[in-house]
1. Kindly check whether there is at least one residue in the range 195-202 that is outside the structural domain of THR323 (by TED's automatic domain parsing), at pLDDT below 95, of a type in the set (A, V, I, L, M) and in contact with an Asp or Glu (Cβ under 7 Å, 6 or more places away or on another chain).
2. Name, by its number, the condition in (1) in contact with a His (Cβ under 9 Å, 6 or more places away or on another chain); (2) farther than 29 Å from ARG245 by Cα; (3) in contact (Cβ under 8 Å) with a residue 60 or more places away in the chain that does not hold for ALA376.
3. Which of the residues belonging to the range 226-277 are assigned to a helix (DSSP H, G or I), touching an Asp or Glu at 6+ places or on another chain (Cβ under 9 Å) and of a type in the set (S, T, N, Q)?
4. With the condition kept exactly as written, say whether any residue in the range 347-364 is under 28 Å from the mean Cα position of the chain (by Cα), at pLDDT 95 or above and not polar (S, T, N, Q).
5. With GLU326, GLU270, GLU293, GLU321 as the choices, which residue is without any contact (Cβ under 8 Å) to a residue 12 or more places away in the chain, assigned by TED's automatic domain parsing to the domain that holds THR241 and not hydroxyl-bearing (Ser, Thr, Tyr)?
6. Of the conditions (1) of a type in the set (A, V, I, L, M); (2) more than 20 Å from ASN342 (Cβ to Cβ); (3) surrounded by fewer than 12 Cβ atoms within 10 Å (Cβ to Cβ), LEU221 satisfies every one except a single condition; which number is it?
7. Restricting to the range 232-277, what's the tally of residues that are buried (at least 18 other Cβ atoms within 10 Å of the Cβ) and among the polar types (S, T, N, Q)?
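The values are calculated or read from the model by the stated rules, or taken from the named source; none is laboratory data. None of the values given here were measured: they were computed from a predicted structure. Ideal geometry is used to build each Cβ from the backbone, glycine not excepted, and the neighbour counts take in all protein chains shown.
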Amino acid sequence: MAVSSKVRIYDLAKELKLDTKRLIEEVRREGVDVSVPSNHVSKELAEKIRNKYFPKKETTVKRAVKVVKRATLPTPEAPVVEEPAIKRAVRVLRPTERAVKVLRPTGLPSPEAPVAEAPEMPVAETPELPVVEAPELPVVEAPELPVADALTAPVVDASEAPLTESPAVETKPEVSLTREVADESNGDQYEDHLLPLSIDAADDILITIRQLVPDYAGVILTGPPGTSKTWYARQIAAALTDRDRSRVRFVQFHQSYQYEDFVEGFVPREDGNGFQLRPKHLLEMCEVSRRYEDQTCVIIIDELSRSDPGRVFGEALTYIEPTQREIEFYLASGNPVKIPRNLFFLATMNPLDRGVDEVDAALDRRFAKIAMEPSAERLVALLGQNGVDEQLKNLVVRFFRFLLTNQNERCRVGHAYFRAIRSQADLQRLWDHQLRFHMAKAFKLDSESYRNIEREWNRTFPAQPK
């Protein structure tokens, strides 16, 4: 039987205890085009990768050293010398005497210490102070006040008085009353329990998402950086939940985010004695959604594509679909779970991130998408709120539109990049410390296009003399 001269990617990853994706990237760096764990690589390349992660250590021959113990002679015991007991002399002295502490061995007579008598101190007599008599104050008599004669007052018979019914007072729950008072006075008594909301019910994106809620597990706001995706996700969540903070959960995915962080995982016990299984964000929001079964609850997932969403959702990926809600399934721990119908997902994603290609197709199918493009209209509104003069505002918008016409999508920055612009000096700081680095990265392999962007900036915003 012929011996195989190749090694499967999956077997090599299992041997080295590496993630298959990481191993595939490592093999690609060696110039071999592989795409799935079932591909094979040569034994020479496999051995090279093994040596990289587990290099063979050189063994050195150690000389054996024979240790000879010396015979130890017994140490003679030192004679024990008994010390004479010490008796402490205690004597009660008068306050005017000094105490002398004398320590002598027991059995020896101790002479009495001489007691020095304190000399009598002369007592100073206090001179008598003259007695000053206080002058008599005149007595002011209070005027007599007229006293109403109770006997002459007319007597009102309560039985003859007309009865007037008091209007019924409608009592409200204490929480609702607190909310109304706080909202009317714009105080902070209830404001901590409400999410901020800046968009109105006529907002186009809000209207679109309300129409998508019944048909999809969630909505992904996708667009380049600086297009207000995260801000809009928070606003939409506040609008869908009536600003109720307890019905919204915000999480952010990243490269280290796992199933154990989102669904359930083991955490150390508070007493330090081992670990215990704890529900995480998804299971906690399932419980919240059951308490508010007739109201929408929202999980916001920021930067969805920064992790592996299929791996993070695990078994729940199938059951977040609207047609699979309220169907019981089992987690890896064996715990049964149902995804409530009123739990909605809002996510943000940059389509230019490297992780977008890794987004699971099943997850991609269950989410609707809304494009968040750079908006010149929103830029004008931001600059107007900052009080930028009309001439400078027009120059900023002109450069912004110039970037939008470039064929390289990576240079099309969002309007939020200019949110802090109020003057020409602010613009120069934006270019020096952010925009020029962004453009250099966008045109990493096209230096001429980068210089065109730089020339356009300098032509639009000439450097001011310092």
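1. No - not one qualifying residue is present in the range 195-202.
2. With respect to (1) in contact with a His (Cβ under 9 Å, 6 or more places away or on another chain); (2) farther than 29 Å from ARG245 by Cα; (3) in contact (Cβ under 8 Å) with a residue 60 or more places away in the chain, ALA376 is out only on (3).
3. Within the range 226-277, THR230, GLN235 meet the criteria.
4. Checking the range 347-364: at least one residue is under 28 Å from the mean Cα position of the chain (by Cα), at pLDDT 95 or above and not polar (S, T, N, Q).
5. Selected residue: GLU270, the only one of GLU326, GLU270, GLU293, GLU321 that is without any contact (Cβ under 8 Å) to a residue 12 or more places away in the chain, assigned by TED's automatic domain parsing to the domain that holds THR241 and not hydroxyl-bearing (Ser, Thr, Tyr).
6. If we test LEU221 against (1) of a type in the set (A, V, I, L, M); (2) more than 20 Å from ASN342 (Cβ to Cβ); (3) surrounded by fewer than 12 Cβ atoms within 10 Å (Cβ to Cβ), just (3) comes out false.
7. 2
Per-residue answers, yes or no, for (1) part of a strand (DSSP E or B); (2) touching a Phe, Trp or Tyr at 6+ places or on another chain (Cβ under 6 Å):
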{"position": "ILE339", "(1), (2)": "no, yes"}
{"position": "LEU346", "(1), (2)": "yes, no"}
{"position": "ALA362", "(1), (2)": "no, no"}
{"position": "VAL380", "(1), (2)": "no, no"}
{"position": "LEU383", "(1), (2)": "no, no"}
{"position": "ARG398", "(1), (2)": "no, no"}
{"position": "TYR417", "(1), (2)": "no, no"}
